[in-house]
Amino acid sequence: MDYSARRRAGIYYVWDPTKITVHGIEEIYTSRVARASIQVLDSGKEIEVYGVYMPVRDNKAEKTEEIWEALTQNITERGTRNFIINGDFNAETEAWINRHEKIQKEEDVIYQGFLEDLNMVASITEDYTFERAKTQIDNILVPIELIHNLKEAHVTTGVREKDHTLVIAALAWEMKGGKGELRPTKRYTDKFQEKHWFAYERILQERASEIQEKMGNKRPSDKLRIIHQELTKAAAEVGGEVTEMTGAGERETDGYNRKEEKELNKEERLRERKRNQVFEWSRH
């Protein structure tokens, strides 16, 4: 990696060595595309994580199409579908552009063609990720085969540095328990419903200034660690409310009773059905 201060591009990998083993990081295209081969310690699952930082749109100084071709070639040569791609694509999906009645630029066409050629989907579909321009240029892409492993994908508002939001996706695989049985991985947000996501967002918005102050002028790796800690802390607080609610029987918790809970579950099933329809559409 070229981390020269004179360059305005680069990719940074940060991981928890107690949970992930990184077997190697390879630069695919100088300062623009990299690949890390990782293994999740709990499950033994191996996956490749591509990081990208594509040139801004209308940048004539760099060969954007050449960078996309290098990424496509590397994925094809590796021959595995156990991978994700995350980063700043400086392009938007056709669905997002059409929804907001925008004009598709050359970089957007290349991006959409990449998704279709490799049969992939963008996990972030609802929210913008670049605040100043209200664009959705940051994303996490997954092959259609991994959709069932995608536990959650969202933009975390209230935790921003400069213009970009924090984009989060969680993939989960089954892992062996103590007696050899398979059990799914669990996280605080597994039981979240719409009201809990609102509470989660509210907590983070209230603590935004505090989080920014904690990050200060620290190194990027330390900033990411602080962000992760704060996200986990907020999720745990909301998760406690979920645990109390699900074990409360007929007792009202946080202003919600069982009838309201059923209505929320119904709405969640409808949203899930709509998401599945989007994924099915993306297959064609």
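Figures for the structure shown
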quantity	calculated
Under-5 Å amide H pairs with Leu166, H placed in peptide plane, nonlocal only	Thr156, Val159
Per-pair calculated FRET efficiency, R0 = 41 Å: Gln39 and Lys63 via Cβ, rounded to 0.05	0.75
Filtered chymotrypsin sites (Phe, Trp or Tyr not before Pro), the range 97-148: DSSP coil and at most 15 other beta carbons within 10 Å	none
Share of Cα-Cα pairs in the range 27-112 lying beyond 20 Å, as whole percent	42
In the range 27-127, GluC sites (Glu not before Pro) in a DSSP loop with at most 16 other beta-carbon atoms within 10 Å	Glu62, Glu101, Glu126
Gain upon complete extension [Arg202, Glu27; 0.36 nm per residue less C-alpha separation]	59.2 nm
Per-pair calculated FRET efficiency, R0 = 51 Å: Gln229 and Gln73 via Cβ, rounded to 0.05	0.85
Rough spin-label spacing in nm, given labels placed 7 Å along Cα→Cβ, for Glu210 and Arg132	2.9
The range 14-67-the range 92-116 distance, computed between alpha-carbon centres (Å)	22
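Every number in this text was worked out from the coordinates using simple rules, so none of it is lab data. Computed from a prediction, not measured in an experiment: that's the story for all the values here. So basically every Cβ, Gly included, is an ideal-geometry build from the backbone, and we count neighbours across all protein chains shown.
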